[in-house]
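Presented below is the structure to which this report refers.
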Amino acid sequence: MTELSIQTIGATKVVVPPDELNALKASLRGAACSPADSGYDEARTIWNAMIDRRPGLVVRCQGAADVMQAVALARKHGLALSVRGGGHNIAGSAVCEGGLLIDLSPMRWVTVDPSARRANVGPGATLADVDRETQAFGLALPTGINSTTGIAGLTLGGGFGWLTRKFGMTIDNLISADVVTAKGELLRASEKDNPDLFWAIRGGGGNFGIVTNFEFKLHPVGPQVLSGLVIHPFADAKNILTKYQPILANAPDELTCWAVMRKAPPLPFIPAAWHGKEVLILAMIWSGDMADGEKAMAELRGLGKPIVDVVSPHPFVGWQAAFDPLLTPGARNYWKSHDFERLDGAFLDKLIDAVKTLPGPECEIFIAHIGGAMSRVPAGDTAYPYRKAHFIMNVHTRWREASEDRGCIGWARELFQAAAPYALGSAYVNFMPDDESDRIEMVYGSNFKRLGEIKRKYDPDNLFRSNQNIKPA
Ligand SMILES: Cc1cc2nc3c(=O)[nH]c(=O)nc-3n(C[C@H](O)[C@H](O)[C@H](O)COP(=O)(O)OP(=O)(O)OC[C@H]3O[C@@H](n4cnc5c(N)ncnc54)[C@H](O)[C@@H]3O)c2cc1C
């Protein structure tokens, strides 16, 4: 390798000499890539096409030893550093401009111990990797709803999806994690080992170190789950969203129903006359016994006069990937998010007005249904603070051309502002874009102070700052 000019935390450049780069390369199981090398572009390309940054050096890690080497190089030279798991974060924090990118995507193992109902998962694994390996044994981990998302970033921010109301958040199922700290040491974090670090990484994001292995507990699920979509004309949206709330408020933990508002995509099971028209989609799953599910879902499925109802038994692995075709990488994306206890009538009016002015055919508003087991964990037990929300809205703006940036981002911000008076004030860090650093203290609420203190202990110089950053107290 020839010498490389790499950006430091102070935004100046430092020249790393060829001897040092060659020594690094020789010591890695993975690869060190400069901008001219193969693998460089693959590592720096992430889900959100708005992000087009060029790191000075990429270390594509194969194991904890590679991560320790990369952290040592960053510390020695004071390099700006970012960490990539699955590359899905909307804020694009996985890729830094000019600095050192630590790419964990090659570390994709998932090993399952079926008798102990446990899995060890590498930080490069996607949710699909976890689902496939665990479902081979009829087991599952509660994660998110898009199977190409990385397990690492999702877990460190909290993690919720179709199984959360039944089995808790992803962090509630974390038994231990191996963490490379800013000092370059590998520590075990669990209830027993470094419990403060274990508390902080369950919701505090990538602020405290680089996780090189996750150990999770698993639950029996499937292989078939009663699940699917019920699609309504948008004209009936207020009526349906008003009537579904008392049903959801009294629902068993096994029942989860997310609402999606968008223009109907041209999917084969949606009548062609509806393609491109605004619809309300209720996406639902019953994670318990199939016969009980038919009864439990009947009231929800009986609301209004749906255009189509495709709820039936589906393989759990397939249901986990049901939204993948609408969430492919390569589009420009901007998100805004709020937590809610209930969806007030006046708020629904604002939501409905916004859907009437959707800026593009791929834009949508998701309202996740949470609660259940997630809400029974006390707020101080993990860094994830607000467990009492019942809904999380994600304004998911998605488009193709840079010329549309202003209009699409402006639409999302406008709805976000209009919804704020009805929201709880908390938010999910994993749904926040890169322009919301002023929201961090409020988002972590009563856990913020302790997070700052733990940050000071494990990363006093804020080496891990390319994230929704918690500064050392
Ligand atoms: C289409 C889509 C659907 C989604 N749906 C859901 C959902 O249903 N539920 C949900 O909970 N979330 C969901 N998310 C949000 C998701 O949780 C975040 O985007 C998350 O950051 C993705 O993790 P990643 O590893 O892919 O991210 P990356 O972009 O690779 O990483 C994000 C950040 O996490 C940190 N990080 C990553 N890996 C490590 C590590 N091993 N050690 C330390 N820090 C690390 C770094 O700070 C990094 O900047 C969705 C995202 C997308 C794009």
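The values are calculated or read from the model by the stated rules, or taken from the named source; none is laboratory data. For clarity, every value in this text was computed on a predicted model and none was experimentally measured. Cβ coordinates were reconstructed from backbone atoms using ideal geometry, including for glycine residues, and neighbour counts include every protein chain displayed. Remember, those area values only see protein heavy atoms, side chains included, never the ligands or the DNA or RNA. Shrake-Rupley method; radii C 1.70, N 1.55, O 1.52, S 1.80 Å.
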Counting only Cα, what are the radius of gyration and maximum Cα-Cα distance Dmax of the chain, in Å? 22.1, 70
Can you give me the long-range amide H partners of S176? Hydrogens built in the peptide plane at 1.01 Å from N, cutoff under 5 Å, separation of 5 or more residues or another chain. E215
With charges set only on the Cβ (+1 for Lys and Arg, -1 for Asp and Glu), what does the dipole of the range 251-381 come to about its Cα centre, in debye to the nearest 20? 540 debye
Given a 1.4 Å probe, the accessible area of the chain per residue, as a whole number of Å², is 38 Å²
Expressed to two decimals, the range 366-440 has a Cα Rg over Rh, using the Kirkwood radius, of 1.02
Hey, can you rank 235-245, 57-67, 157-167 by average C-beta count inside 10 Å, highest first? 157-167, 57-67, 235-245
Of all the accessible heavy-atom surface of the chain, with the other protein chains kept in place and a 1.4 Å probe, what percent is carbon and sulfur? 52 percent
Net charge around V67, counting only other residues with Cβ within less than 14 Å of its Cβ (Lys, Arg = +1; Asp, Glu = -1)? +1
Treating only Lys and Arg (+1) and Asp and Glu (-1) as charged, each at its beta carbon, one finds that the range 342-402 has a dipole about its Cα centre, in Debye to the nearest 20, of 220 debye
Per-residue counts of other Cβ atoms within 10 Å, averaged by peptide: what ranking do you get for 100-112, 22-34, highest first? 100-112, 22-34
Grab the other residues whose beta carbon is less than 12 angstrom from that of P220, score K and R as +1, D and E as -1, and report the net. +2
Given charges at beta-carbon only (K, R positive; D, E negative), |dipole| of the chain in Debye: 420 debye
Can you return the lysines within cross-link range of K336? Criterion is Cα-Cα under 21 Å, with same-chain partners fewer than 8 residues away left out. K263, K350, K356, K388
Ignoring everything but the protein chains, give the 1.4 Å probe accessible area of D434 in square angstrom, nearest 10. 100 Å²
